[in-house]
1. Report the net charge of residues surrounding L110, where surrounding means a beta-carbon distance below 14 angstrom and charges are Lys +1, Arg +1, Asp -1, Glu -1.
2. May I ask for the angle, rounded to the nearest 10°, between helix 49-58 and the longest principal axis of the chain, with both axes built from Cα atoms and the value confined to 0 to 90°?
3. Quick one: grab the alpha carbon gyration tensor of the chain, order the square roots of its eigenvalues as a ≥ b ≥ c, and give me rounded if a/c is under 1.5, else prolate or oblate depending on whether a/b is larger than b/c.
4. Read phi for every residue in the range 173-183 and hand back ³J(HN,Hα) as whole Hz from Karplus 6.51 cos²θ - 1.76 cosθ + 1.60, θ = phi - 60°, with x for Gly and Pro.
5. Using a cut-off of 10 Å between beta-carbons, work out the net charge of the residues near R151 (Lys and Arg +1, Asp and Glu -1, R151 not included).
6. With charges set only on the Cβ (+1 for Lys and Arg, -1 for Asp and Glu), what does the dipole of the range 104-175 come to about its Cα centre, in debye to the nearest 20?
7. Based on other C-beta atoms within 10 Å, arrange T186, T92 from fewest to most.
8. Which whole-Hz couplings ³J(HN,Hα) result when phi for each residue of the range 279-290 is put into the Karplus expression 6.51 cos²θ - 1.76 cosθ + 1.60, θ = phi - 60°, listed in order with x for Gly and Pro?
Amino acid sequence: MVLQPDVVEAFNLSGIPHQNLGVVAKERYYLQRDGSIQAMPMLQTLTSWNLLYNSLRRHFPDEHYHQGKSLTNFQQHDEQVTAIFADGTQKTGDLLIGADGVTSTVRQLLLPTYDPMYAGYVAYRGLVDEEELDPETAAIMTERFVFYQFRNSHILQYVIPGENEALVPGKRRFNWVWYVNYDKTTELPRVLTDKNGKRREYSIAPGMMANDIEREMRSYADRVLVPPFQKLIAATKEPFVQTILDLGVPNMVFDRVALVGDAAFIPRPHTAASVSKAATNAIALSDALVEYDHDVLDALKAWELGQLVLGMQLWRRGQDLGETSQFMYGKERWEEQLNFPKII
Ligand SMILES: Cc1cc2nc3c(=O)[nH]c(=O)nc-3n(C[C@H](O)[C@H](O)[C@H](O)COP(=O)(O)OP(=O)(O)OC[C@H]3O[C@@H](n4cnc5c(N)ncnc54)[C@H](O)[C@@H]3O)c2cc1C
């Protein structure tokens, strides 16, 4: 993911070192069908979920981090809220923060009709160790944000930290994301059925894609992408797939319960700002609690509006970017032989 300033700020406020949080890319490359390249200077730091998570986790006290606890319900009382877990345990406190992501149980309990909606396309994704890509392609891809845009699709890649958070050249990974349109009723169910025949809700993990879907994806890449991206995909051992989703909620505060991050708003990934939004939600909530002297109800009331506005703006921006990229020429996937309308 792109390391945005609010994420660095969250590390800073938590007293966690933030000097080596990713790989720096100095420019963007836009690859063209004729083999030429448009370059644009742009300094960005790219990182991985693992590096961010592990850096935060190392600084979080073990006695307050309870793994394997699955929240199934909660109850609000006048002064407190009780979280109820699948193992039968309960915990009571002043505030419950639902930071439980796309499939948020807290959201389902509060807003049962607000489910993530399929946006009309998926992201095929993959990781390739630096040493596994041929030198010619690696020279184009290394320390750059590289794009190839074509009709109703685009693919991008950047270098991220490698295994064990490695930032040393040669030990990092190329990370690619390719957005491809699939019809929700006639095509998506096949894409989301894993190699064991199990239908997954939103994604298929690395190593679990069905053989025929993986073969079709690789063959489509060979027909429509430019050679550097074809080689990157060919070098990927275990591609995986995630559906692109839309979700926005009308409220983030329900008495003593707050929704944050993807539990509240899922902007499409083109904004590259979802983690930063989650960081902003957290920083603002901590500021509000201090400002209102830990009066939870007043602090949440003051916190909510700004966070709703932020969520809605990003949600809208992600939709605009995605609709332009994926549906400018209708809903189909591009093939040379398809008679697509001329570029306007
Ligand atoms: C293709 C793609 C590319 C992306 N690129 C970027 C990018 O460049 N930059 C960016 O900022 N974002 C990006 N994102 C989005 C980013 O991954 C999410 O916004 C982010 O992970 C959400 O953080 P979160 O903490 O809200 O939820 P999550 O990271 O989903 O965490 C939720 C946690 O809650 C736990 N949980 C769930 N249910 C329960 C329960 N009932 N009880 C207890 N625990 C529970 C889960 O196990 C998980 O640990 C991208 C997403 C996609 C799909």
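FYI, it's all coordinate maths here, none of it is from the lab. Keep in mind the model is a prediction, meaning the values are calculated, not measured. Neighbour counts are summed over all protein chains in view; Cβ atoms, including those assigned to glycine, are modelled from backbone coordinates with ideal geometry.
1. So the surrounding residues net to -2.
2. Value to nearest ten degrees: 30.
3. Numbers: a/c = 1.88, a/b = 1.56, b/c = 1.20.
It comes out prolate by the Cα gyration axes.
4. Each residue of the range 173-183 in turn: 9, 7, 10, 10, 9, 10, 8, 10, 6, 9, 5 Hz.
5. Once positives and negatives cancel, what remains is -1.
6. Details: 7 positive and 10 negative charges, 93 e Å.
It comes to approximately 440 debye.
7. Values: T186 8, T92 13.
Ordered by Cβ neighbours within 10 Å, fewest first: T186, T92.
8. My calculation for the range 279-290 gives 5, 4, 3, 6, 4, 5, 5, 5, 4, 5, 5, 5 Hz in order.
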